[in-house]
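A.B. asks: The structure that follows is given in the form of structure tokens.
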């Protein structure tokens, strides 16, 4: 029995093969991407071994929504490859196996392709939502002793002016805003100015996801309105305690 | 996520768009495929879209040209339309399928309502039989008004845009 017949039997005859090029067979198997396209798996025989390959289709498909353009994404990609014993040559993923081991090898290959395809979930616009969760974690971890109160409206009749966290520090409470984009930067700026106009006694602190990501005018406005800014979550994580300690001293 | 009616999705596909961030003159080779991208804006300026163009290096018949919609009010994007080459089987392909088909994925409201990818499932098409023809068809269907500036080779058949019933249904 050759390896193709063996594979058909192992897949309970639910698969087929199509010759895409001389010596290159495409596996037709009930393995699908989330958009309904079949996972691209090709089989080639080389020196008595079988090469299971995607001929570059996995990274091509990933690039519809995500480019591997940062060291972090590349690191995650390489980790998925190494943990699944997959190799890469110019974007083409492959795994070589003995003919009698092809069934588990194909399942492993398909699983790795699925993991790589799911890297689209790491898109910045998707994971941006984690910023507020991470900010909450840092506050819980580092500033709990200052009794943070989330979601406070300092002017009772203005439910449009919200402070993300209030810290009851004397002599002046701290109003803290998390800012991940320009629209939140503008809202925080307006809020600070309105609180000042209402002659509230407070200090305004801002934690940016990435200060440099804001437009020039947004940076100028928030810098003018806020008393203290942390340019990133890392900056806040590293320095929040000593800044709050000084405020409370 | 906002709920979309099929009409809203169809309107997003067919509304007139301007290419605001044009594609590179030549596709770049990168990790096994040739790639190009561009960004488009709805003519009223409030809608944002991107287009990806990909051709596999080993199998040039395996290509994909897709339109992504980037809603301002929420994160992520929705794939509205993808014109694909005959790269393999897909949910929606004829059964039994004797050979691979050119096919189109189009966003469906029932997919989104079910929590699935908008463009899940494809439909066989005979509208095109090559990448260039697919690109021509795609640009016409998405109403990229200034496409002729950036795709001169495709200029002649692109305009005027015919108002055929079910243009995006192929």
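Quick note: the coordinates plus some simple rules give every number you see, no bench work behind them. Because the structure is predicted, anything quoted here is derived from the model rather than measured. Here the Cβ is made from the backbone with ideal geometry for all residues, glycine too, and neighbour counts use every protein chain on show.
A.B. asks: What value does region A:151-249 have for Rg/Rh, both radii from Cα atoms and Rh as Kirkwood defines it?
C.D. replies: 0.95
A.B. asks: Follow-up question, since we're still on this one. Take the alpha carbon atoms of region A:147-163, find their center, do the same for region A:71-96, and report the distance between the two centers in whole angstrom.
C.D. replies: 48
A.B. asks: Where the centroid of each part is defined by its Cα atoms, how far is region B:1-76 from region A:184-217 in Å?
C.D. replies: Each part's Cα centre sits 35 Å from the other's.
A.B. asks: Could you tell me the relative contact order of region B:6-150? Use alpha-carbon pairs under 8 Å, at least six residues apart, and round to a whole percent.
C.D. replies: Relative contact order of region B:6-150: 22 percent.
A.B. asks: List B:5, A:189 from most exposed to least, where exposure is judged by having the fewest other Cβ atoms within 10 Å.
C.D. replies: B:5, A:189
A.B. asks: Then there's this: Applying a 10 Å radius around every beta-carbon, put A:26-33, A:214-221, A:37-44 in order of their mean neighbour count, most first.
C.D. replies: Ranked by mean Cβ neighbours within 10 Å, highest first: A:37-44, A:26-33, A:214-221.
A.B. asks: Please compute the contact order of chain A in relative form: average sequence separation of alpha-carbon pairs under 8 Å and at least six residues apart, divided by the residue count, as a percent.
C.D. replies: Averaging sequence separation for qualifying contacts and normalising by length gives 12 percent for chain A.
A.B. asks: How large is the convex hull of the C-alpha atoms of region B:6-150 per residue, in Å³?
C.D. replies: Value for region B:6-150: 121 Å³ per residue.
A.B. asks: Regarding chain A, what whole-number volume in Å³ per residue does the convex hull of its Cα atoms give?
C.D. replies: Roughly 171 Å³ of hull volume per residue.
A.B. asks: Restricting to Cα atoms and excluding each atom paired with itself, what does the Kirkwood estimate give for the protein assembly as shown in Å?
C.D. replies: 24.7
A.B. asks: Please compute, for peptide A:32-44, the average count of beta-carbon atoms on other protein chains lying within 10 Å of each residue's beta-carbon.
C.D. replies: 6
A.B. asks: Which of A:190, A:174 comes first, and how do the rest follow, when ranked by fewest Cβ neighbours within 10 Å?
C.D. replies: The order, fewest Cβ neighbours first, is A:190, A:174.
A.B. asks: Expressed as a rounded percentage, what relative contact order does region A:49-195 have, with Cα pairs under 8 Å and six or more residues apart?
C.D. replies: It rounds to 18 percent for region A:49-195.
A.B. asks: Next up: So what's the angle, to the nearest 10 degrees on a 0 to 90 scale, between helix A:130-142 and the longest Cα principal axis of chain A?
C.D. replies: On a 0 to 90 degree scale, this one is about 60.
A.B. asks: Sort A:159, A:98 so that the residue with the fewest other Cβ atoms within 10 Å of its own Cβ comes first and the one with the most comes last.
C.D. replies: Ranked by crowding around the Cβ, least crowded first: A:159, A:98.
A.B. asks: Determine by what factor the alpha-carbon radius of gyration of region A:128-170 differs from 2.2 N^0.38 Å, reporting the quotient.
C.D. replies: 1.29
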